[in-house]
């Protein structure tokens, strides 16, 4: 069962990565993650974006700098505290996120179209139960850091 889920994860990650390739390397995957979070949050403090992505604020600042330069994000300040940096998608940024989401929708529709109607219903029900079992926000907002001890075996002996 776990092997099947890992294979399904590779397929879904492939759809996500291919959707960015379609953009001719306009933005990197980490940059797109910032754009996607801003699409969900709207105008947001950079610290909120960092928390939603599970990143440190300085990383979000560097990513945002590139996105501001490219015209996808506008930087501002909180009226109540001018030291707090806010980020918001520009019209071009919203169009980019919508374009990627649209491509992903079309690609997933194409893949699902290869299944029989009853298989699609079964799959949707099973995936919905998996989503519920994982818990609200799983995959969108980091619940806790990934334990480094489990990763060291893949990086060689330390």
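Cβ-Cβ under 8 Å, sequence separation 6+ or interchain: first residue in region 7-27 and free of Cβ contacts under 8 Å to residues at least 24 places away in the same chain, partner in a helix (DSSP H, G or I). Which pairs?
These pairs meet every condition: 17/29.
Okay, residues lined up against (1) part of a helix (DSSP H, G or I); (2) within 11 Å of the chain's Cα centre (by Cα); (3) modelled with pLDDT under 95:
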position	(1), (2), (3)
3	yes, no, yes
8	yes, no, yes
12	yes, no, yes
15	yes, no, yes
19	yes, no, yes
25	no, no, yes
40	yes, yes, yes
47	yes, no, yes
52	yes, yes, yes
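If a residue has to be under 20 Å from residue 10 (Cα atoms), in a loop (DSSP other than H, G, I, E, B) and modelled with pLDDT of 85 or more to count, how many in region 111-158 make the cut?
3
Based on this model, can you work out whether residue 77 counts as assigned to a strand (DSSP E or B) and over 19 Å from residue 100 (Cβ atoms)?
yes
Enumerate the pairs (first residue in region 99-127 and touching a residue at least 24 places away in the same chain (Cβ under 8 Å) and on the phi > 0 side of the Ramachandran plot; second residue anywhere and assigned to a helix (DSSP H, G or I) and loosely packed, with under 11 Cβ neighbours inside 10 Å) with beta-carbon separation below 6 Å, excluding pairs fewer than 6 apart on the same chain, so at least 6 apart or on different chains.
none
The values are calculated or read from the model by the stated rules, or taken from the named source; none is laboratory data. This one's a predicted model, so the numbers in the text were calculated from it and none came from an experiment. Note that each Cβ is placed from the backbone with ideal geometry, even for glycine, and that neighbours are counted across all protein chains shown.
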